[in-house]
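The values are calculated or read from the model by the stated rules, or taken from the named source; none is laboratory data. Predicted model, so just to flag it, every value in this text is computed and none were measured. Cβ sites come from the backbone with ideal geometry, for glycine too, and all protein chains shown count toward neighbours. For accessibility, only protein heavy atoms count, side chains too; no ligands or nucleic acids. Shrake-Rupley method; radii C 1.70, N 1.55, O 1.52, S 1.80 Å.
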Amino acid sequence: MLLSVLAKAAAQEVKEIRGECEILDLVMDSRKKSEKGLFFCIPGARFDAHDFAPKAIENGAAALVVTHFLPIDVPQVQVENVRTAMSLMAAEFYGHPDREMKLLGVTGTKGKTTTSFLIKAILEEAGYKVGLIGTTGNMIGDEYLESHFTTPEPIEFFKLLRQMRDAGVHAVSMEVSAHALHMNRLLGVHFESGCYTNLSQDHLDLFGTMEKYFACKKTFFAPCWLDNAAINVDDETSAEILRDITVPRTTYGICNNADLFARNIEITENGVHFTMKLFNTHEYPAELKLTGMFNVYNALAAAAVCLNIGVNPEVITAALAKVKSVPGRAEILDTHTPYKVLLDYSHSPDALENILSAVREFAKGRVISVFGCGGDRDALKRPVMGEISGRMADYSILTSDNPRTEDPFEILKAVEAGIKPTGGQYIVIENRREAIRHALQIGQDGDIIVLAGKGHETYQEIMGVKHPFDEKVVVRELLEELDQ
């Protein structure tokens, strides 16, 4: 594809074009080998990719997208915003595959992963071939693909959509992160239906305030993004979205009046049963093998999205009953022990409170919480999460999550500052493997051990290095060691 054709696709951003050439690849990492690649010089908070343009050219890049022309003898396109231009050019380069499929997006602080999984299951029950894009990985049908972000960068995103469409995918269920909206990763993409789950404290390291975080989420519910929406009316922030929304919407909830709501809810360690009521006239018995009240909300969210695109309620309930688990989301591990071990990605205050509250409802013994907080992220939530575990768990084991470039003991001090005033029993074991070992050693009949924070992740990031750390594997290995 000619550079001028790509520039035309991003005309709203282009200031000037110098030179022409054939483009065979799109690149945003200067270290990546390419043949006739177009390298996007993205200015960042820590690094400016303009400085790495010579390296990109050395590795095969034939042209550059810049905010200012560089003294390098290759064709260049000067733009106002490189990220915006990258989204528009990537869509053009891969032939706008988003226009050939139904896109269904889920945004909110919690529930995105589970809801998108449930949407995929429902659509497959309805006869669609479905793609999935999200935190736990990308999928084409049952095939897993590598994933780096909840919502991929534009080059990866449109390349993935093209791969999905070429594989015969009819619909894509995907998570829409606040980061992606903030960074224009999905510019120009249109969704047939979008869902708002909830809002709670997270990502303040990027947005600074909850108001800015919410404002970013709210931008998704505009006609330029969606044909229709599904909104959780039980979340207090939804009122503002519903006040301003102009696209058709379906509301769902449990506590407030809604188009779709749940009644007669029964929660056990093996799942939930409830009655799904539509427009207060039609009732459908629903069963879910995922436990916790929050999964009732996730089921309603998925149902509302699928109702919006014409899926029958009977198909929805049949699909929900077949879902056995979602990776790292309230996932009970097969340990064959008198106590249960539950894996959950809860890495924010509200998510930790939700999972501890859920297991408290059916725990016959103690609730043992094993958790930490990530480094280089919102530090304000650390004492808050300490307070929650101290108040809600019978015993807390404070340990490392992904300390990244921070001192893990400094992170733990902040968590400890929140747990101390609660008077809850706790211990600090920085090494996460040893913390899990301790939990397994003290587990008794009827206890539930909640491994919170890592969920589906298969690594632990320490000082810029990702070390293998899959908690399913770790638990299995430790139980074998303890048996011996």
Cα-based helix-to-principal-axis angle, 293-308 vs the chain, degrees rounded to 10 = 40
In order through segment 242-252: 3J(HN,Hα) via Karplus (6.51 cos²θ - 1.76 cosθ + 1.60), integer Hz, x for Gly, Pro = 5, 5, 9, 5, 10, 8, x, 9, 10, 9, 9
What nm distance separates the two modelled labels at K466 and L145, each placed 7 Å from Cα along Cα→Cβ?
-> 1.7
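Mind checking the per residue accessible area of segment 19-128 for me, 1.4 Å probe, whole number of Å²?
Working: 4380 Å² over 110 residues.
Ligands and nucleic acids excluded, the figure is 40 Å² per residue.
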Which whole-number percent is the relative contact order of the chain (Cα, under 8 Å, 6+ apart)?
-> 10
By how many nm would the segment from N256 to V473 lengthen if fully extended, with 0.36 nm per residue of separation less the alpha-carbon distance?
-> 73.9 nm
Relative contact order for segment 1-67: what is it in percent, counting Cα pairs under 8 Å that are at least 6 residues apart?
-> 29
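For K420 and V247, compute 0.36 nm times the residue count separating them, minus their Cα-Cα distance, and round to one decimal in nm. Display every interim value, and only then the final one.
Numbers: separation 173, 0.36 × 173 = 62.28 nm, distance 4.78 nm.
Full extension of this stretch gives 57.5 nm more.
Could you give the length gained by full extension between D407 and A222, i.e. 0.36 nm per residue of separation minus their alpha carbon distance, to one decimal place? Before the final figure, lay out each step's value.
Working: separation 185, 0.36 × 185 = 66.60 nm, distance 4.20 nm.
Net length gain for the segment: 62.4 nm.
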What's the angle, to the nearest 10 degrees (0 to 90), between helix 471-483's Cα axis and the longest principal axis of the chain?
-> 40
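Ranked from highest to lowest mean number of other Cβ atoms within 10 Å per residue, what is the order of the peptides 118-124, 398-404? Don't skip to the answer; put the middle values down first.
Values: 118-124: 26.3, 398-404: 23.3.
My ranking of the peptides, most packed first, is 118-124, 398-404.
Determine the share of segment 236-284's accessible area contributed by carbon and sulfur atoms, expressed in whole percent, with a 1.4 angstrom probe.
Values: 1180 of 2780 Å².
Reported share for carbon and sulfur atoms: 42 percent.
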Could you work out how far helix 432-442 tilts from the main Cα principal axis of the chain, as a 0 to 90 degree angle to the nearest 10?
-> 20
Antiparallel bridges, percent of DSSP beta bridges restricted to segment 1-129 (to nearest 5) = 40
Which order do the peptides 81-90, 430-439 take when ranked by the mean count of other beta-carbon atoms within 10 Å per residue, highest first?
-> 81-90, 430-439
Here, the chain modelled as identical Cα point scatterers in vacuum has Debye log10 I(q)/I(0) at q = 0.09, 0.10 Å⁻¹ of -0.66, -0.81
With each run of n ≥ 4 DSSP H residues scored as -39500 (n - 2.57), what mean residue ellipticity at 222 nm is computed for the chain after dividing by its residue count and rounding to the nearest 500 deg cm²/dmol?
-> -10000 deg cm²/dmol
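Rolling a 1.4 angstrom probe over the protein heavy atoms, how many square angstrom per residue are accessible across segment 256-377?
Values: 4850 Å² over 122 residues.
Each residue of segment 256-377 exposes 40 Å² on average to a 1.4 Å probe.
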